């Protein structure tokens, strides 16, 4: 067991965590990043990335995260292959965290960048066809289905918004909902139901995602009627699971305020939490945008605010 001491402790290693590390290292805070179970975050399970600024060609999500990690290390960040299982925020700075390894991490400031995970249906073919027709982010991947047939699974605000967004790329969008009425806000429902390029399949659940025998990608959905139990199929090129996201905030339950299903609360327009010296950045606090570029921006903000906080401690 070892104790690791730093001015800036970062929990999480997606775009927010790595960006905070880059700025923190350049400010001589010698950050430590505890990478967690999924180093690189959600982008490591995303294939083509076409909307991150600075790249004329399509890039790969895992490659982008590798580059961010290398840049953070190059400017002085220490990466730890560990998963935080316990945090102590009650006594203020310095903050203490314990890893699954048994190691202790102590930071004068703490940046929480643990991200969020898309909720999945858990049916056959879903994970196997991830990146090959099955996605959980229309704004990330919708562009790749221009002129193709797509489906969105869900009935809340996220599902309706994704279906409406996809009409920018497709004239054949199907919303699949397991009930006979939507949970989305009324104004969104009205837009969806009036849209000429969207049709709704009511009382249907996805039994499985099916691909071609050659492994090229998704070909159709196997559906089950939730009322009659009848089976049917829907031919699609892309399917977007939109049943919500779950922020990775279990560590901070009863330690920091949360809202909207577990997202950490920060001051408006800021990564500052209610505990001085504790900052939250990226998808762990963002239930609206959930993009790599916005997460990176919040990581930068967290590092700049952390630097200012440390300056107040020294005065």
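The values are calculated or read from the model by the stated rules, or taken from the named source; none is laboratory data. What you see is a predicted model; the values in this text were computed from it and never measured. Quick reminder, even Gly has a Cβ in these numbers, built from the backbone with ideal geometry, and neighbours come from all protein chains shown.
Listing for the model above:
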{"read-out": "Residue in the range 230-238 that is under 26 Å from residue 179 (Cα atoms), under 20 Å from the mean Cα position of the chain (by Cα) and buried (at least 21 other Cβ atoms within 10 Å of the Cβ) present", "value": "yes"}
{"read-out": "Single condition residue 59 does not satisfy, out of (1) under 30 Å from residue 92 (Cβ atoms); (2) in contact with a strand residue (DSSP E or B) (Cβ under 8 Å, 6 or more places away or on another chain); (3) without any contact (Cβ under 8 Å) to a residue 60 or more places away in the chain", "value": "(1)"}
{"read-out": "Pair list, Cβ < 7 Å and 6+ apart or interchain, from the range 135-150 residues that are farther than 9 Å from residue 166 by Cα to residues that are assigned to a helix (DSSP H, G or I)", "value": "135/141"}
{"read-out": "Tally of residues being crowded, with 21+ Cβ neighbours inside 10 Å and in contact with a helix residue (DSSP H, G or I) (Cβ under 6 Å, 6 or more places away or on another chain) across the range 291-311", "value": "7"}
{"read-out": "Checking residue 246 against (1) touching a strand residue (DSSP E or B) at 6+ places or on another chain (Cβ under 7 Å); (2) modelled with pLDDT of 95 or more; (3) within 30 Å of residue 199 (Cα to Cα), the condition it does not meet", "value": "(2)"}
